[in-house]
1. Determine the gain in length on full extension of the stretch Glu270-Arg318; use 0.36 nm per residue of separation and subtract their C-alpha separation, reporting nm with one decimal.
2. Give, in nm to one decimal, the length gained when the segment between Asp344 and Leu150 is fully stretched (0.36 nm per residue of separation minus the Cα-Cα distance).
3. At what distance in nm do the modelled label points of Asp217 and Ser394 sit from each other, each positioned 7 Å from its Cα along Cα→Cβ?
4. Please give the residues of the stretch 267-299, grouped as numeric ranges, whose backbone N is less than 20 Å from a label point set 7 Å along the Cα-to-Cβ vector of Arg240.
5. Check each of the trypsin sites (Lys or Arg not before Pro) in the stretch 207-262 and keep only those in coil by DSSP with at most 16 other C-beta atoms within 10 angstrom; list them in order.
6. Please give, to one decimal in nm, the separation of the simple spin-label points placed at Ser15 and Asp441, each 7 Å out from Cα toward the Cβ.
7. Quick one: if you stick a label point 7 Å off each Cα along the C-beta vector at Arg109 and Arg263, how many nm between them?
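Each reported figure results from applying straightforward, stated rules to the coordinates on display, with no laboratory input. Keep in mind it's a predicted model, so treat the numbers as computed, not measured. Every residue, glycine as well, gets a Cβ built from its backbone with ideal geometry; the counts of neighbours run over all protein chains shown.
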Amino acid sequence: MSTPSAVALGAFFDSVLQAALRQLFRRAWLEIEPGGARTDAPLTIEAIVDPSTLCISWAGTLYTLRMPGRVTFTTHQIRMARAIVAVIGARYRTILNPELAAERGELFRGPLEDRYVGAFFDERPYSAQGGGNVVDRIAAIIEMLRVAALSTYENRPISTGVLILEAAHDPWHPDAPGSGGSSGSQMESLASIKSFYRLADGVRTLFLADADGRLLDIIDVDRWSRELCPDAILDVPGARAYQAHARATLEHRGVCVVLSPSREIKVFAEGAEIFAFHGAAWHLLDLKAKYEVWAESVGNPLLALRLFQTALELADAREGALFAVLRDPADAVPRLIAPADRLDVCDPWEPPGSGAVSRREILSLLEGRTAIDLDPSVLFTLAALDGAIVVDESGRLLAVGAILRHPPSEELEFGGVIEGARTTAAMTASQFGPVLKISEDGEITFYDRERMWDI
């Protein structure tokens, strides 16, 4: 390759790497230092010294990601960075080597971002030592679901899903033969039939495929997962509608990819939802690490679990909400909550015996209750009301549907752009304890005096 062509290729892949790092590490600051690494250095991740900093070197340039405040890189985020490096490095090497290009042309199929997700689970297709005969099965399934998301069947959006096993057979029925077909082609060929997707709705039923992409069966995911993992307890919270999908990946190292009724693509593995595609972008959820940070801040395991679980349910249903846990209610309540919204204060505008039925009389049913002892469906309904649910550290309900007092957004000591009233209320309440803000677009944000994380 001529020198000008090599320079242009290097510049192109430099822009690809920067775009990937900015997209998948939105909260981190990206610093680029030309001359900060050896000019002959391959694309690689440097040894991690500071847990809040991640360095990638390539061809004389050092790319440094820094997390803000008290935030550090998690195991999954480091794994994501390695996947990005593996995919971009594989494409770069393939273009430079004509022999590899003939063998590994499959690397250039489909959106590049889907390849990052596939490499997160299996880097073999992108290995420098070979991998030409190893197909990124997960990226291929994601591409299939992307096409399905653009289609309808009988004027209804398509929802479906696939559980991809690491083995060549169904572990529940090891003696049952697969449906045959050539390696890696059957799921894709069947997917060209529109009615095929109706056989598995992605919520209750899934297609079961082996490691080579051959269709093995159509399963009831709840029954299948309970038969294989009857005593399994998920240590990572998730939306109830998809807990069976997470459980199905606990054993046999499977990966479950689902196109939901809301046209969101979800990827489950290792007993949890790992990725979600919505808003035209992939999101690394990292639920386990983020839940642990939230639970430590709340200090009450049962309360932390109940609120986090409900937040995930609300986000999946695209319902906005706000949960605030106050560390010192005596100080915080008068400053945050108007008397009319407090469960422990009678409404001064509706004296007893007035004959009028007030909102306060309805909410009095919740006086003395806790978020822990409420049925999950009741807590979900209350949280979906306009306003915030405010509790103390024991979970005792202090306010429901409360419009929190807060200063004008420009007076808040937070950096960044203020998105709206719910964000401003969340920032203010976080000065008194941990807060979860759920947006109608499905995003969850945790504040505790500062913005800690997003899902």
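1. 14.8 nm
2. 64.8 nm
3. My value for the distance between the label points is 5.0 nm.
4. Answer for this model: 272-273.
5. Hits after loop and neighbour filter: Arg253.
6. 2.5 nm
7. 2.5 nm
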